[in-house]
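Below you'll find the structure, written out as structure tokens, and then a few comments.
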Amino acid sequence: MPGAAEAGGYRARVDVPGIDARAVPAHVAIVMDGNGRWAQRRGLKRTEGHAAGEEALFDTVEGALELGIGWLTVYAFSTENWKRPADEVRYLMKFNESLLVRRRDEMHERGVRMRFVGRRDWRVPRRLIRRMDEAIELTRHNRTMTFTIAFNYGGRAEIVDAVRAIVAEGVAPEKIDERTIRRHLYDPEMPDPDLMIRTSGEYRISNYLLWEIAYSELVFTDVLWPDFRRKHLFDAVREYQRRERRFGGIEAGT
Ligand code: IPE
Ligand code: IPE
Ligand code: MG
């Protein structure tokens, strides 16, 4: 199974029982879902569920660093999330802005390179875009792990934007192949996810990384995002290591 060891030369820092350190996924993508339900079950406002998701996220980042995962990509706001009530949307914009300010130094100290994928359209507050650019700039030379936040991200929008860019360059139709599309996605350097995790017991993709997950292993868990911790990431990686990836071929040695 191709893993981080071959793909990026990353090294596990901690031996986690039941995980083969040489075969950890090089790229893990997560749909952080269930914040609203977590809050409602406690009689809290939905926004308090988003706030509680911060600890889940940064514990997961620590777990990914421990395993030596090279790329971690999380879904923070989708192109469809604008449909939510205005006060929830406003909260999420402010919350993400303050999160970047509060966490960027810690990420930098850990050698994490921060990136963002998604549309930077007029709906995303300028201040938030500025915080994103500051985090990118601060951490751009780090190599321990690339931590990407998908914000105002939609998989279909990403493919539309890639097609627009290709057409704008005047590329001849017969010159377009899968690599052409890949090179025009939001982050051409990002490898396809090996493992994609979705929390909260929903069994759907919700427009996340549509092009990139063609051959990802999917792991679904009932844990609501604010309760997610690195141990749940480790469980998902153990599940991943039990899978046999074939990429349309047949099992090696048969
Ligand atoms: C995920 O939690 C966070 C975002 C989509 C921003 P939700 O807010 O979707 O929580 P549920 O799914 O309603 O419980
Ligand atoms: C997906 O969750 C988007 C994020 C986690 C940011 P949603 O809660 O928006 O997805 P649906 O509506 O359940 O499909
Ligand atoms: Mg949801």
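Could you please find all residues in the range 107-116 being part of a helix (DSSP H, G or I) and crowded, with 18+ Cβ neighbours inside 10 Å?
Matches in the range 107-116: Met107 only.
For the range 155-164, state whether one or more residues are assigned to a loop (DSSP other than H, G, I, E, B), loosely packed, with under 14 Cβ neighbours inside 10 Å and at pLDDT 95 or above.
No, the range 155-164 contains no residue that is assigned to a loop (DSSP other than H, G, I, E, B), loosely packed, with under 14 Cβ neighbours inside 10 Å and at pLDDT 95 or above.
Being within 20 Å of Pro226 (Cα to Cα), β-branched (Val, Ile, Thr) and without any contact (Cβ under 8 Å) to a residue 60 or more places away in the chain is true for just one of Val89, Val74, Val124. Which residue is that?
Among Val89, Val74, Val124, only Val89 is within 20 Å of Pro226 (Cα to Cα), β-branched (Val, Ile, Thr) and without any contact (Cβ under 8 Å) to a residue 60 or more places away in the chain.
Under 7 Å between Cβ atoms, at least 6 apart or on separate chains: pull out the pairs that start in the range 23-36 with a residue that is within 15 Å of Thr60 (Cα to Cα) and end on any residue that is within 16 Å of ligand 1 (Cβ to nearest atom) and among the basic types (Lys, Arg).
Val31/Arg198; Asp33/Arg198
On the basis of being over 17 Å from the mean Cα position of the chain (by Cα) and touching a residue at least 40 places away in the same chain (Cβ under 8 Å), does Ala56 make the cut?
Details: over 17 Å from the mean Cα position of the chain (by Cα): no; touching a residue at least 40 places away in the same chain (Cβ under 8 Å): yes.
Here the answer is no, as Ala56 does not meet what is asked.
I'm trying to understand the selection: among the residues of the range 85-101, which are in contact with a strand residue (DSSP E or B) (Cβ under 9 Å, 6 or more places away or on another chain) and either among the β-branched types (Val, Ile, Thr) or loosely packed, with under 13 Cβ neighbours inside 10 Å (or both)?
Within the range 85-101, just Val89 meets the criteria.
Which one of Ile149, Ile197 is touching a helix residue (DSSP H, G or I) at 6+ places or on another chain (Cβ under 6 Å), modelled with pLDDT of 95 or more and assigned to a strand (DSSP E or B)?
Exactly one of Ile149, Ile197 is touching a helix residue (DSSP H, G or I) at 6+ places or on another chain (Cβ under 6 Å), modelled with pLDDT of 95 or more and assigned to a strand (DSSP E or B), namely Ile197.
Scan the range 208-231 residue by residue and report those that are out of contact with any strand residue (DSSP E or B) (no Cβ under 8 Å at 6 or more places or on another chain), in contact (Cβ under 8 Å) with a residue 24 or more places away in the chain and open to solvent by 20 Å² or more (accessible area, probe 1.4 Å).
Across the range 208-231, the qualifying residues are Leu210, Trp211, Tyr215, Val223, Asp227, Arg229, Arg230, Lys231.
Residues of the range 198-220 being among the hydrophobic types (A, V, I, L, M, F, W, C) and over 19 Å from Gly154 (Cβ atoms), which ones?
Once the filter is applied, which keeps residues that are among the hydrophobic types (A, V, I, L, M, F, W, C) and over 19 Å from Gly154 (Cβ atoms), the range 198-220 yields Val219, Phe220.
Of everything in the range 48-80, what is assigned to a helix (DSSP H, G or I) and open to solvent by 30 Å² or more (accessible area, probe 1.4 Å)? Give them in sequence order. Steps first, answer last, please.
Narrowing the range 48-80 to residues assigned to a helix (DSSP H, G or I): 48-67.
Residues satisfying the conditions are Glu48, Ala51, Glu55, Asp59, Glu62, Glu66.
Please determine whether any residue of the range 63-80 is at pLDDT 95 or above, among the aromatic types (Phe, Trp, Tyr) and touching a Leu at 6+ places or on another chain (Cβ under 9 Å).
Checking the range 63-80: at least one residue is at pLDDT 95 or above, among the aromatic types (Phe, Trp, Tyr) and touching a Leu at 6+ places or on another chain (Cβ under 9 Å).
Picking from Arg104, Arg119, which residue would you name as being charged (D, E, K, R), buried (at least 18 other Cβ atoms within 10 Å of the Cβ), in contact with an Asp or Glu (Cβ under 9 Å, 6 or more places away or on another chain) and not in a strand (DSSP E or B)?
After applying the criteria, what remains is Arg104.
Quick check on my filter: what residues within the range 161-205 are of a type outside the set (A, V, I, L, M, F, W, C) and touching a Gly at 6+ places or on another chain (Cβ under 9 Å)?
Restricting attention to the range 161-205, the residues satisfying the condition of being of a type outside the set (A, V, I, L, M, F, W, C) are 161, 164, 169-170, 173-175, 177-180, 182-184, 186-189, 191-194, 198-204.
Matches in the range 161-205: Tyr186, Pro191, Asp194, Thr199, Ser200, Gly201, Glu202.
Would you mention how many residues in the range 181-207 are of a type in the set (D, E, K, R), within 16 Å of ligand 3 (Cβ to nearest atom) and in contact (Cβ under 8 Å) with a residue 12 or more places away in the chain?
Here the count works out to 2.
Go through the range 135-154 and give me each residue that's open to solvent by 70 Å² or more (accessible area, probe 1.4 Å) and not acidic (Asp, Glu).
Arg140, His141, Arg143
Only one residue in Gly36, Gly49, Gly53, Gly70 is within 26 Å of Glu212 (Cα to Cα), of a type in the set (Gly, Ala, Ser) and within 9 Å of ligand 1 (Cβ to nearest atom), so which one is that?
Unique residue meeting the criteria: Gly53.
The values are calculated or read from the model by the stated rules, or taken from the named source; none is laboratory data. Please read all numbers here as calculations on a predicted model, not as lab measurements. Please note: Cβ atoms are built from the backbone with ideal geometry, for glycine as well, and neighbour counts cover all protein chains shown. In case anyone asks, the SASA skips ligands and DNA or RNA and just uses the protein heavy atoms, side chains included. Shrake-Rupley method; radii C 1.70, N 1.55, O 1.52, S 1.80 Å.
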